[in-house]
């Protein structure tokens, strides 16, 4: 299996990369963080990588030239790149922050999918996994650009699944709940700064909104992504699958 993962040098992307590597897949990752890329290549001799801003069309074209050279084919695309965007009421969101969030969190998925599809069509079976969020089906106060992009990812997934089914390409969307790790720590810190509520209260609020009263580990998402791309998931397409402990609300 030949796999491309965007934002794959740390966090959730790296957890997904490790799961596919453990299964014997050949994996190429891209990321904007050169330090993270250097670190993973020092520890993963069987993984190749590109420094890429996937919101930039020319850089995505260069990425796929690297993929062609390193993998000589493609079976799986994991669209994982994303930024949190601003934390503010909509009326206080700057247009530049709005555009940047949508460019990274939605345009990147279009650009990578557009170039991946012709390569995936060369296979008997292939998969695209789009990482959205529980904010992609619930909304998210103080995070309107992020929620808008994640709703867009769901719509993109459904449409691509319809278009690509005849080519036996499965397209699914995973909606993680609140993931443990550095990124969520930064989100909570930003929310605390905006609202004046202390970080521990905000953290407790997130878990209280989940039926299982827990944050989600990146490995939980990685296992789901691998399942969907494996033969066990060969009849699953066009689905939006939440791995979130059953989020009941995102409103404090």
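The values are calculated or read from the model by the stated rules, or taken from the named source; none is laboratory data. For clarity, every value in this text was computed on a predicted model and none was experimentally measured. Here the Cβ is made from the backbone with ideal geometry for all residues, glycine too, and neighbour counts use every protein chain on show.
Could you check, for region 16-28, whether at least one of its residues is within 16 Å of residue 104 (Cα to Cα) and either in contact with a helix residue (DSSP H, G or I) (Cβ under 8 Å, 6 or more places away or on another chain) or surrounded by fewer than 22 Cβ atoms within 10 Å (Cβ to Cβ) (or both)?
no
Please indicate, with yes or no, whether at least one residue in region 179-196 is crowded, with 22+ Cβ neighbours inside 10 Å, touching a strand residue (DSSP E or B) at 6+ places or on another chain (Cβ under 8 Å) and in a strand (DSSP E or B).
No: zero hits.
Using the structure shown, decide if residue 111 is farther than 20 Å from residue 229 by Cβ and either in contact with a helix residue (DSSP H, G or I) (Cβ under 7 Å, 6 or more places away or on another chain) or without any contact (Cβ under 8 Å) to a residue 60 or more places away in the chain (or both).
Taking the combined requirement at face value, the residue satisfies it.
Please go through region 114-144 and give me each residue that is in a loop (DSSP other than H, G, I, E, B) and either over 17 Å from residue 67 (Cα atoms) or without any contact (Cβ under 8 Å) to a residue 24 or more places away in the chain (or both), ordered by number.
Correct list: 124, 125, 132, 133, 134, 139, 140, 141, 142.
Tell me, which strands (runs of 3 or more DSSP E) lie completely within region 1-104 with 3 or more residues that are in contact with a strand residue (DSSP E or B) (Cβ under 8 Å, 6 or more places away or on another chain), modelled with pLDDT of 95 or more and over 17 Å from residue 225 (Cβ atoms)?
Here the list reads 47-51.
Any chance region 237-244 includes a residue that's within 20 Å of the chain's Cα centre (by Cα), surrounded by 13 or more Cβ atoms within 10 Å (Cβ to Cβ) and farther than 23 Å from residue 15 by Cα?
As a first pass, look at region 237-244 and keep what is within 20 Å of the chain's Cα centre (by Cα): 237-244.
Add one more test, that the residue is surrounded by 13 or more Cβ atoms within 10 Å (Cβ to Cβ), and what stays is 237-244.
Then keep just the ones that are farther than 23 Å from residue 15 by Cα; that gives 238.
Looking for residues that are within 20 Å of the chain's Cα centre (by Cα), surrounded by 13 or more Cβ atoms within 10 Å (Cβ to Cβ) and farther than 23 Å from residue 15 by Cα, one finds at least one in region 237-244, hence yes.
Hey, can you tell me all the residues within region 212-243 that are part of a loop (DSSP other than H, G, I, E, B) and either under 26 Å from residue 155 (Cα atoms) or touching a helix residue (DSSP H, G or I) at 6+ places or on another chain (Cβ under 8 Å) (or both)?
213, 214, 215, 217, 230, 234, 235, 236, 237, 238, 239
Mind checking which residues of region 201-236 are surrounded by fewer than 18 Cβ atoms within 10 Å (Cβ to Cβ) and over 29 Å from residue 170 (Cα atoms)?
Selection gives 201, 202, 203, 204, 205, 207, 208, 211, 212, 213, 214.
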